[in-house]
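Everything below concerns the one structure shown next.
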Protein chains: 2
Amino acid sequence: MNTKPAMLAIHGGAGTILRQTTSLETEQAYLQALRDILRAGEVLLAQGATALDVVQACVCLLEENERFNAGRGAVYTAAATHELDASIMEGHTRRAGAVAGLRTTRNPVRAARAVMEFSGHVMLIGPAADAFAMAQGLEQVAPDWFGTPQRLAQLRRVQGEGGAAILDHDGAQCPAPLDERQKFGTVGAVALDAHGRLAAATSTGGMTNKKPGRVGDSPILGAGCYADDTVAISCTGTGEAFMRSVAAHEVSAQMRYLGRSLEAACEDVVGERLPAVGGQGGLIAVSHKGELCLPFNTEGMYRGWVRLGEAAQARIFR
Amino acid sequence: MNTKPAMLAIHGGAGTILRQTTSLETEQAYLQALRDILRAGEVLLAQGATALDVVQACVCLLEENERFNAGRGAVYTAAATHELDASIMEGHTRRAGAVAGLRTTRNPVRAARAVMEFSGHVMLIGPAADAFAMAQGLEQVAPDWFGTPQRLAQLRRVQGEGGAAILDHDGAQCPAPLDERQKFGTVGAVALDAHGRLAAATSTGGMTNKKPGRVGDSPILGAGCYADDTVAISCTGTGEAFMRSVAAHEVSAQMRYLGRSLEAACEDVVGERLPAVGGQGGLIAVSHKGELCLPFNTEGMYRGWVRLGEAAQARIFR
């Protein structure tokens, strides 16, 4: 087997820092969650799992962790419901699947994978997407499974404040390291496996108090998730700006056609193109050459990465 | 006013030819419909309308014409319902709006425009998107308004035949010039106005007998619709391949980063990149330099174009 150095990166959303009011325990809990998920992905990679399976497994774990805004722990819409979006893409085949507006499927990224594998389509939305996931044997949960008291308190606080969509106050005593009032909650993973194959996956609950039916960049291939032979990318931020910039595909295009390094392409997209349309957030990316890049233009981003055989790294702040 | 040569192109879907069984009257009726719509757009352009308003107006007229699969005359889903998708994008601002899964809004492209202008978001889906459109004062219609006896006959025929999704037989005595069994029904428009501004819009009823909830490339920015300072593009074809290729944004990237002409970029995308993932169909594009290109890799595409001051051209076959 012609093995290459396998690697993996994950993110849990980007935003502004609340370092001064965050307890060390809370900060450490976030970092530990990221490291645990990296460790699970690392084990899979070491066992020879495909990049596609690894990004799906990591995003599933992020969805299951209620600290992150995807799956369990997803934020509430203005109607106090949950609407979940996810996508997954395999680089060398450019196969892809996406779902938007899920309400009952426990792991949206699994639904995206099922769409890719078994639907004959690339994207399914709304109740029909949940029905498809159920028919594929994916676990369905009661709508209140996704919610947590903290997320509901955020919704009530925002609605009391007039409901600006991205202001999702956290009423908890120990606030999260990134200010939930200013955080773009999405999770994602990118991987390069031992066979040199790339994959990316993204999942989100969207924005607290979002208009029902609003879809951001997370399930849009080329915007919040993209993979080809060159690079795999997962984004988090003001979704609308990422959609208008076709941000993830733009990174790939600059690498393929300008010969830019992963870092230079990411720098242009996150540092120039996104801010030009008001875009705040970040992305994680891995290239076919084994470059890793995790840039953001906010004050912080929950993120972590690991190269097989090296120690896993988790960070929140710059 | 520093005016440039304004121009406009439209399409009504791509597919295989039924020339031998098509009456000359039917063929002429399609060509006349395309010319009438071009004429309406031309008048607007001559009056100084923005590219954005012109593409919206032309797509509205295509939606209103029951010969084309968008708005009235949209194909049926497997559940004998209609689910309509549309998008619109303005080049110089990269503002954009998109809707998917509409069921009651008469003109989906108007809903996409309203999302762009008034929602604070880029994409809304499902019943919430119809509700938003209604709240914006856009006309709502009974679901059966979209259907026609011909489209229903197509659905029944497909379902009787086992339901292959893209086989949408036309039971009419005078078949359309492009075989409805093999046609990718979408409509779209691109324009360059006298101020050098670009815009694109796309609208569709999807595929006959499609799985409810399926979304193709039409409402996906970068896939079935895209505009920036360089080029405006609207696509039609096997939506899944256009999504996996991020086809419209790919044309822009090749022009911006490889310095390719519009024609060379379109040739690569329609002739190479799309077929590589099984993509059939075509696109219409106009560049900031005033280049027009309407390539397709099927046997035909309903299409037309006009440069202000020149005669409008409409074509179906190669």
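The values are calculated or read from the model by the stated rules, or taken from the named source; none is laboratory data. Bear in mind that the values here come from a model prediction, so they are computed numbers and not experimental data. We place every Cβ from the backbone using ideal geometry, glycine too, and count neighbours over all the protein chains shown. The area values use the complete protein model at the heavy-atom level, side chains included, leaving out ligands, DNA and RNA. Shrake-Rupley method; radii C 1.70, N 1.55, O 1.52, S 1.80 Å.
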Within a Gaussian network of chain A (alpha carbon springs, distance under 10 Å), most fluctuating of A:Gly126, A:Gly196, A:Gly188: A:Gly126
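Note down, for region B:1-47, the three equivalent ellipsoid semi-axes (square root of 5 times each alpha carbon gyration tensor eigenvalue), biggest first, whole angstrom. Show your work: numbers first, answer last.
Values: eigenvalues 186, 27, 8 Å².
Equivalent ellipsoid semi-axes, largest first: 31, 12, 6 Å.
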Total formal charge among the other residues, if their Cβ is under 10 angstrom from that of B:Gly206, Lys/Arg +1 and Asp/Glu -1: +1
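Checking a compactness column here: for region B:7-312, what do you get for Rg(Cα) / (2.2 N^0.38 Å), N being the number of residues? Walk me through the numbers before you get to the answer.
Values: Rg = 17.4 Å, N = 306, 2.2 N^0.38 = 19.4 Å.
Dividing the Cα Rg of region B:7-312 by 2.2 N^0.38 Å gives 0.90.
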Global form of region B:1-155, assessed from the alpha-carbon gyration tensor, a/c cut-off 1.5: oblate
Gained length - B:Glu263 relative to B:Glu117, 0.36 nm times residue gap less alpha-carbon distance: 49.4 nm
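Evaluate peptide A:91-103: per residue, the Cβ atoms of other protein chains within 10 Å of its Cβ; return the mean as an integer. Please report the intermediate quantities before stating the final value.
Details: counts 0, 0, 2, 8, 3, 4, 1, 3, 2, 7, 7, 0, 0.
Counting Cβ atoms of other protein chains within 10 Å of each residue's Cβ and averaging gives 3.
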Of A:Leu31, A:Cys60, A:Ala133, farthest towards positive along the dipole that unit charges on Lys, Arg, Asp, Glu beta carbons give chain A: A:Ala133
Model label zone, B:Glu64; criterion: amide N under 17 Å from point 7 Å along Cα-to-beta-carbon; scope region B:178-202: B:187-189
At least 50 Å² of accessible area lost relative to the chain alone, listed for region A:120-135 with a 1.4 Å probe: A:His121, A:Val122, A:Met123, A:Ile125
Highest-fluctuation residue, A:Ala111, A:Ala191, A:Ala80 considered, GNM on chain A with Cα pairs under 10 Å: A:Ala80
Hypothetical label at A:Gln20: residues of region A:273-313 whose amide nitrogen lies under 20 Å (7 Å Cα-Cβ projection): A:298-301
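Give me the percent of Cα-Cα pairs in region A:22-92 that sit more than 22 Å apart, rounded to a whole number.
Working: 878 of 2485 pairs.
Roughly 35 percent, rounded to a whole number.
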Interface area, B with A, accessible, probe 1.4 Å, both sides summed, Å² nearest 100: 3500
Inter-centroid distance (Cα atoms) of region A:47-62 relative to region B:191-224, Å: 33
Relative counts (whole %) of C-alpha pair distances in region A:208-318, using bins that are 5 Å wide: 2, 13, 23, 23, 20, 11, 5, 2, 0
For the protein assembly as shown: span of alpha carbons on each principal axis (Å, largest first): 77, 55, 48
Delta accessible area of at least 40 Å² on complex formation, residues of region B:209-249, 1.4 Å probe, chain isolated as reference: B:Lys211, B:Gly213, B:Val215, B:Ile220, B:Leu221, B:Glu240, B:Met243, B:Arg244, B:Val246, B:His249
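Report in % the part of the accessible area of chain A that belongs to carbon and sulfur, leaving out ligands and nucleic acids; probe 1.4 Å. Can you show the working numbers first?
On the way: 5070 of 10350 Å².
Roughly 49 percent, rounded to a whole number.
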Choice from B:Val231, B:Val43, B:Val55 with maximal GNM fluctuation in chain B (Cα, 10 Å cutoff): B:Val43
Lysines whose Cα lies under 21 Å from that of B:Lys210, excluding same-chain neighbours fewer than 8 positions away: B:Lys183
CD proxy at 222 nm, helix term only [per DSSP H run n ≥ 4: -39500 (n - 2.57); per residue of chain B; nearest 500]: -9500 deg cm²/dmol
Probe 1.4 Å, protein heavy atoms only - accessible area per residue of region A:7-312 in square angstrom: 31
